[in-house]
Every structure is written in structure tokens, then in C-alpha cells.
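The values are calculated or read from the model by the stated rules, or taken from the named source; none is laboratory data. In this text the structure is predicted, and so the values were computed from the model without any measurement. For neighbour counting, all protein chains shown are included, and Cβ atoms are generated from backbone atoms with ideal geometry for every residue, glycine included.
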Amino acid sequence: MHPSVSVYLEHDGKVLLVDEQGIGPQLPQPGRMGNSNTLRFPTVDEVEVMDLEFVEKDTLRITFGSTQFTVLKGYPKMEWPKHWAWKDACIADNHVHPVAREAIYRSLHRLVAKVMIQNDAGEVLMGKVERGHFNGYWTLPGGYLDHNEHPSIGCVRETLEELGLQIVLDDKEPVITQRVFNDEGISFVSLTYRSTWNGDVSELALQTEEISEARWFSVNDAYQQAVSQFDKEALRSLR
């Protein structure tokens with residue numbers, strides 16, 4: 001059994017695991033099968049017994065079926081704990097409890113690349129989304145990065161897929177924003193680039209199952225239409 005409230009301590013890629021008796025640090029063995037779930041996060045009391053101080057950073061809510069777990073995410077006040085487990089090694093060991101593996105999985109950033117396309121009149125091109133988080137709303141072109149894909153390539157790819165438009169990015173640094181939106185603790189990072197295009201929206205070949213309509217907006221109107229906080233932060237740089 002995993003305690004209902006536990007502490008996820010991480011320091012530069014190392015995490016603290018304990019055994020069923022709360023003794024640690026313990027190390028995972030990637031590739032180990034079975035489902036004994038013998039390694040877990042410690043409780044607050046077990047951390048105190050180890051005489052470890054930490055700064056609490058976040059609280060995660062993890063729900064499996066009807067059972068809910070609370071995980072306190074903290075940074076330990078200590079030198080780098082070389083004898084702790086590498087977080088990447090925990091995922092592939094079935095003896096690490098699912099609560100710990102889920103919390104570690106959620107700690108990985110989700111990367112999004114987007115683009116603000118403007119014409120010479122200063123208007124911004126937006127698409128009306130037909131699926132996903134922002135179904136029915138206007139957003140900047142873009143989406144999740146593929147594995148091992150640079151964000152400057154990802155936003156060009158997404159624009160071509162969504163709008164049928166091949167763009168060239170302006171030589172400017174992206175607007176970078178990061179945010180955790182709820183107590184599930186998943187962090188999103190967005191990199192929004194800029195591009196210039198002076199065509200007509202009637203020329204676009206929309207991927208209609210994803211984008212139902214494209215339209216030019218003034219910068220202020222685009223900002224008002226945007227529901228994504230990442231879009232708003234990027235558009236704020238144009239205002």
C-alpha cells in the first residue's frame with residue numbers, strides 16, 4: 001500500500017524512494033517485472049526521521065479509481081544526493097509503486113510550439129479549433145512537439161498541417177511561457193515564434209477536422225479572442 005499522503009523529493013534528477021518499512025534511500029531496477037510495489041515515496045514523518053529538510057513547491061492530486069493520493073512535491077535542502085534513485089530509472093521498474101511513477105511522469109514538461117503570423121497591416125492569423133483543449137475557440141497555429149523536434153521546426157510543421165501554409169519564421173527569439181494549470185501538476189512550456197505572410201485566408205487549405213475556419217484579427221481583437229494563456233502572453237508582446 002502507498003500512503004495517502006507522501007513526499008516526492010527531487011534534486012537534479014535524483015528522487016528519494018523508500019521500502020515498505022519507510023527505509024531509504026532505495027534504488028529501482030529497470031526492467032524488473034512483477035507488481036509487488038515495494039518501493040514508494042516516503043511519508044512526512046519518515047522524511048523527518050531521516051532528518052531531511054525540504055522546501056515544499058507543489059501539491060499533486062493523483063486519483064486511481066476511487067482512491068485519491070496527495071503527493072507533496074519538495075526540494076531537499078542538501079547537497080546532491082548521489083545515492084538516491086535516478087528519476088528516469090523509476091519508470092521501468094514494476095516494483096516502484098504507480099503513485100511514484102505517475103508523479104515522476106507528470107514532472108516532465110509538455111512542450112508546445114506556436115507561431116504568430118502577421119501581415120503588413122499588423123493583423124494576426126488565428127484558427128478556430130475543432131478538437132482538443134480549445135475546441136470551438138480561436139488560437140494561434142501550433143501544437144505539441146514531436147520527439148526530438150526543435151520548436152522552430154515544430155511550429156512550421158504544425159502550421160502546414162493545420163492551415164496548409166508553408167511559413168518562414170522571422171529572425172526573432174520566441175516568446176517562452178510556462179504554466180501548471182491544475183492540481184494534477186502537469187507543466188506545459190510554450191515557445192511562440194513570429195512569421196510574416198500577406199496572403200488571403202481563402203488561399204489556405206485547412207485541415208477541417210482540426211481547424212474549421214481561419215481569420216485575420218487586429219492584435220487587440222486577437223488578444224480578446226484568445227483563451228489559451230500561452231497565446232495571450234505571446235500576443236501581449238505585440239500590443
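What the table shows:
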{"item": "Whichever residue in the range 110-124 is of a type in the set (A, V, I, L, M, F, W, C) and in a strand (DSSP E or B) and, among such residues, is nearest to residue 147 (Cα to Cα)", "result": "111"}
{"item": "Per-region count, the range 125-141, residues crowded, with 20+ Cβ neighbours inside 10 Å and in a loop (DSSP other than H, G, I, E, B)", "result": "2"}
{"item": "Cβ-Cβ under 9 Å pairs, at least 6 apart or on other chains, the range 35-58 side among the aromatic types (Phe, Trp, Tyr), far side in a loop (DSSP other than H, G, I, E, B)", "result": "41/2; 41/3; 41/16; 41/17; 41/97; 54/77; 54/78"}
{"item": "Some residue of the range 182-201 being more than 30 Å from residue 63 (Cα to Cα), out of contact with any Phe, Trp or Tyr (no Cβ under 8 Å at 6 or more places or on another chain) and part of a helix (DSSP H, G or I)", "result": "no"}
{"item": "Unique match (being under 25 Å from residue 239 (Cα atoms) and of a type outside the set (D, E, K, R)) among 105, 144, 137", "result": "137"}
{"item": "Residue, farthest from residue 86 (Cα to Cα), within the range 8-24, restricted to residues that are buried (at least 23 other Cβ atoms within 10 Å of the Cβ) and touching a Pro at 6+ places or on another chain (Cβ under 6 Å)", "result": "9"}
{"item": "Residues that are in contact with a strand residue (DSSP E or B) (Cβ under 9 Å, 6 or more places away or on another chain), surrounded by fewer than 16 Cβ atoms within 10 Å (Cβ to Cβ) and farther than 18 Å from residue 142 by Cα, drawn from the range 96-118", "result": "108"}
{"item": "From the options 149, 184, residue that is of a type in the set (Asp, Glu), in the same structural domain as residue 221 (by TED's automatic domain parsing), at pLDDT below 95 and farther than 14 Å from residue 214 by Cβ", "result": "184"}
{"item": "Qualifying residue in the range 213-224 (condition: under 19 Å from the mean Cα position of the chain (by Cα), surrounded by 16 or more Cβ atoms within 10 Å (Cβ to Cβ) and assigned to a strand (DSSP E or B))", "result": "no"}
{"item": "Checking residue 20 against (1) out of contact with any helix residue (DSSP H, G or I) (no Cβ under 6 Å at 6 or more places or on another chain); (2) assigned by TED's automatic domain parsing to the domain that holds residue 147, the condition it does not meet", "result": "(2)"}
{"item": "Those residues of the range 25-46 which are outside any loop (DSSP other than H, G, I, E, B) and either surrounded by fewer than 17 Cβ atoms within 10 Å (Cβ to Cβ) or not assigned by TED's automatic domain parsing to the domain that holds residue 80 (or both), in sequence order", "result": "44, 45"}
{"item": "Selection status of residue 163, at pLDDT 95 or above, among the aliphatic types (A, V, I, L, M) and within 20 Å of the chain's Cα centre (by Cα)", "result": "no"}
{"item": "Qualifying residue in the range 60-73 (condition: in contact with a Leu (Cβ under 7 Å, 6 or more places away or on another chain) and under 22 Å from residue 182 (Cα atoms))", "result": "yes"}
